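K.L.:
Once you've had a glance at the structure underneath, I'll fire off some questions.
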Amino acid sequence: MAKGLPLNTKLYEIRWHGRGGQGAVTAAKIVAQAALLKGYQGVTAAPSFGAERRGIPISASTRISSQPVMVISQVETPDAVVVLDHTLLKYPDVLSGLVSGGWLIVNSWQHPRELNIRGDFNIATADATKICRELGLTVGGFPVVNTAMLGAIARTIQIIDLASIEKVIRERFSGDALQTNLAAITRTFEITRPEIIR
Amino acid sequence: MVKKMIGIEGSFAIAEAVKLARVDAVAAYPITPQTHIVERLAEFVANGELDAEYIPVESEHSAMSACLGTSAVGARTFTATASQGLELMHEVLYVASSMRLPIVMTLANRAISAPLSIWTDHCDAMAVRDCGWIQIFAENAQQAFDLVLCAFRIAETPAVFLPVMVHIDGFYISHTIEPVQLLEQEAVDSFIPEYRHPYPLDPDRPVTMGAFGPPPIYTEAKKAQEVALRASKAVILEVWQEFSLLSGRHYSPVEGYEAGDADVLFLIMGSFSETAMVAIDRMRAKGQKVGLVRLRLWRPFPVQELRQTVGKAWVIIVLDRAISFGGRDPSVLKSRRRFIP
């Protein structure tokens with residue numbers, strides 16, 4: 001079991017927004033598996049249920065709790081919203097229900113204040129796209145930013161840490177893919193800009 | 001015997017159960033939201049983790065027909081389907097139960113077209129309500145894993161010899177990652193003995209199965225089948241009891257939640273009973289005497305257990321995920337008339 005952060009005792013809900021092919025569903029699952037390794041008894045992760053296609057806006061849900069999670073519907077009042085493609089911010093669904101004091105974590109080259117989003121939640125940004133391009137973490141020429149954004153999450157929400165994410169990544173990948181994904185996570189962790197509301 | 005908790009998608013947990021059961025044959029056709037189960041099984045066969053015959057067929061009708069054949073020669077047989085796929089194999093389902101072939105199938109419950117829908121409801125389950133299979137509903141990924149393992153044992157018990165359908169709500173269970181405790185291979189091996197068909201199809205010792213049956217024979221065969229299905233409950237109870245010793249997880253035909261002193265009860269099958277428990281906890285905190293009845297064994301229908309669990313409640317709210325067009329009540333309510341005093 002990973003040392004460090006104490007377990008959060010409240011149900012923590014994350015909603016993911018991305019485009020088909022960016023790996024939002026996989027990232028939602030990796031975070032759930034990392035939380036389980038960290039000692040959380042209750043975790044669930046699921047895609048928004050439907051027929052997804054490459055490029056269309058999609059969402060996914062992760063729930064983390066020290067108790068078994070009994071609700072497996074889609075997350076409606078997220079503690080954190082993770083956005084893999086900043087162009088999705090124009091859709092009202094993306095910020096819908098984000099709790100007061102929660103986190104909006106966006107893959108963007110802009111500083112949180114430059115996003116011009118106002119709300120009683122904190123904002124973090126990280127340019128995961130740039131890091132994936134630099135590392136060659138692309139499929140068919142398109143950056144696959146899901147694992148990189150795990151670094152931004154570990155930096156921001158204090159529920160999971162890099163060590164447990166790394167364990168899951170090591171189970172899922174091997175060889176060059178493993179090293180590239182780990183590098184993307186660490187580098188994104190380092191460049192993440194968390195901006196706490198006052 | 002029990003392994004540590006892992007985070008795994010419901011579909012993959014089911015594939016693990018099928019692998020642990022050392023299934024001999026899988027014949028399947030992919031259909032959302034069941035596809036991940038048979039895809040994973042195909043991977044297991046391809047990479048040598050599972051020594052089984054994987055038969056990719058061109059339709060669900062063929063899938064179930066192939067299952068008839070493999071089960072009849074004495075091979076432990078599994079398949080999975082959903083919705084339109086189940087409809088396409090419909091007529092063959094009756095053949096499986098009437099020929100008393102212990103096939104195990106997972107049904108990832110999904111709505112039936114039109115309009116085209118891939119989302120969960122129980123219309124597919126209700127359309128095969130009377131096909132003579134033992135039918136069991138799981139509420140989460142752990143139960144899906146457990147109940148599929150138990151299904152092989154139940155189906156292949158000589159006193160039963162009937163196919164078993166394990167229902168899981170499409171997406172809610174099939175596509176959600178949840179904590180699941182798998183079992184060790186040795187434990188499963190001791191729990192599920194070798195499948196032996198008493199009169200297998202064998203060219204050296206020819207037998208006829210499902211032959212032409214004139215009315216007197218047909219009536220006798222159907223009566224025998226009905227008696228066997230009703231009697232299977234005793235075996236189901238035994239198998240679940242034995243499984244609880246193995247795993248520490250206990251299953252019953254009907255399970256209550258805060259039902260004992262409840263005035264108002266919900267009656268639910270499948271995954272959203274867990275959501276109902278959260279609602280009931282909140283209503284109880286406000287002093288409302290509400291509870292839940294979870295129907296796990298759908299066929300044979302557990303009249304006696306249901307009557308016991310319902311207790312003294314004066315209202316039962318049935319949350320049915322199927323519609324009975326033109327009928328007076330949804331499908332589950334039709335059963336209700338039999339057990340309400």
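The values are calculated or read from the model by the stated rules, or taken from the named source; none is laboratory data. Please read these numbers as outputs of a predicted model, since none were measured by experiment. Methodologically, a virtual Cβ is constructed for each residue, glycine included, from the backbone with ideal geometry; neighbour enumeration extends over all protein chains shown. These area figures cover heavy atoms from the full protein model, side chains too; ligands, DNA and RNA do not enter into them. Shrake-Rupley method; radii C 1.70, N 1.55, O 1.52, S 1.80 Å.
K.L.:
Could you tell me the relative contact order of segment A:12-191? Use alpha-carbon pairs under 8 Å, at least six residues apart, and round to a whole percent.
P.N.:
Reported as a whole number, the value is 21 percent.
K.L.:
Under 13 Å from the Cα of A:LYS10, which aspartates and glutamates turn up, not counting those fewer than eight places away in the same chain?
P.N.:
Correct list for A:LYS10: A:ASP79.
K.L.:
How large is the convex hull of the Cα atoms of segment A:12-191 per residue, expressed in Å³ as a whole number?
P.N.:
Residue-normalised Cα hull volume stands at 108 Å³.
K.L.:
Pop the C-beta distance of B:TYR94 and B:MET5 into the FRET formula with R0 = 30 Å and round what comes out to the nearest 0.05.
P.N.:
Between B:TYR94 and B:MET5 the formula returns 0.15.
K.L.:
Among B:THR106, B:ALA322, B:VAL188, whose Cα projects farthest towards the positive end of the dipole of the protein assembly as shown, with charges put on the beta-carbon of Lys, Arg (+1) and Asp, Glu (-1)?
P.N.:
Value: B:ALA322.
K.L.:
Let me ask something else about it. Could you state the number of Å between the C-alpha centres of segment A:130-168 and segment B:50-129?
P.N.:
40
K.L.:
Right, here's the next one. How many angstrom lie between the Cα centre of segment B:233-272 and the Cα centre of segment B:134-150?
P.N.:
Each part reduced to its Cα centre gives a spacing of 11 Å.
K.L.:
Quantify, in whole percent, the carbon and sulfur part of the accessible surface of the protein assembly as shown (1.4 Å probe; protein heavy atoms only).
P.N.:
The C+S portion of the solvent-accessible surface of the protein assembly as shown is 55 percent.
K.L.:
Under the rule a/c < 1.5 gives rounded, and otherwise a/b versus b/c splits prolate from oblate, where does segment B:229-335 land using the Cα gyration tensor?
P.N.:
It is oblate, given that a/c is not under 1.5 and a/b is not larger than b/c.
K.L.:
Distance between Cα centroids, segment B:27-48 to segment A:34-48: provide it in whole Å.
P.N.:
If you average the Cα positions of each part, the centres end up 24 Å apart.
K.L.:
How far apart, in nanometres, would the label points at B:THR275 and A:THR9 be if each is projected 7 angstrom from Cα along the Cα-to-Cβ direction?
P.N.:
Here the modelled spin labels are 2.9 nm apart.
K.L.:
Let me confirm the definition first: pairs of Lys residues in chain B, 8 or more apart or on different chains, C-alpha distance under 18 Å. How many are there?
P.N.:
Lysine pairs meeting both conditions in chain B amount to 5.
K.L.:
Can you give the alpha-carbon Rg of chain B over 2.2 N^0.38 Å, where N counts its residues?
P.N.:
Normalised by 2.2 N^0.38 Å, the Cα Rg of chain B equals 0.97.
K.L.:
According to the Cα gyration tensor, what semi-axes, each the square root of 5 times an eigenvalue, does the equivalent ellipsoid of the protein assembly as shown have, listed from largest to smallest in whole Å?
P.N.:
44, 27, 20
K.L.:
So, one more: At 1.4 Å probe radius, can you tell me the per residue accessible area of segment B:255-340 in Å²?
P.N.:
Each residue of segment B:255-340 exposes 49 Å² on average to a 1.4 Å probe.
K.L.:
Name the residues of segment A:30-56 whose accessible area, probed at 1.4 Å, falls by at least 20 Å² once all protein chains are in place instead of their chain on its own?
P.N.:
A:GLN33, A:LEU36, A:GLN41, A:VAL43, A:THR44, A:ALA45, A:PRO47, A:PHE49, A:GLY50
K.L.:
Taking the solvent-accessible surface of protein heavy atoms with a 1.4 Å probe, what is the per residue accessible area of segment B:2-247 in Å²?
P.N.:
Ligands and nucleic acids excluded, the figure is 39 Å² per residue.
K.L.:
In segment A:33-48, whose amide N lies under 14 Å from the spot 7 Å out along Cα-to-Cβ of B:GLU39? List them in ranges.
P.N.:
The answer is A:47, whose backbone nitrogens lie closer than 14 Å to the label point.
K.L.:
Something else now. Just grab the label-to-label distance for A:VAL139 and A:GLU76, each label 7 Å out from Cα along the Cβ direction, in nm (one decimal).
P.N.:
3.2
K.L.:
If you don't mind, another one. Would you jot down the residues in segment B:108-138 that end up with at least 30 Å² less accessible area in the complete protein assembly than in the chain alone, with a 1.4 Å probe?
P.N.:
At a threshold of 30 Å² (probe 1.4 Å), the residues of segment B:108-138 that become less exposed are B:ILE118, B:TRP119.
K.L.:
A follow-up question, please. Chains A and B: buried accessible surface, both sides, probe 1.4 Å, rounded to 100 Å²?
P.N.:
When A and B are taken together, about 1600 Å² of accessible area is lost.
K.L.:
Now a separate question. Pop the C-beta distance of B:VAL73 and A:VAL99 into the FRET formula with R0 = 60 Å and round what comes out to the nearest 0.05.
P.N.:
Efficiency for this residue pair is about 0.55.
K.L.:
Using a 1.4 angstrom probe on protein heavy atoms only, which residues from segment B:145-190 are buried by at least 40 Å² of accessible area when all chains are present rather than their own chain alone?
P.N.:
Residues of segment B:145-190 that lose at least 40 Å² of accessible area once the other chains are added: B:PHE171, B:TYR172, B:HIS175, B:THR176, B:ILE177, B:PRO179.
K.L.:
Probe of 1.4 angstrom, ligands and nucleic acids ignored: what's the accessible area per residue over segment A:12-191, in square angstrom?
P.N.:
40
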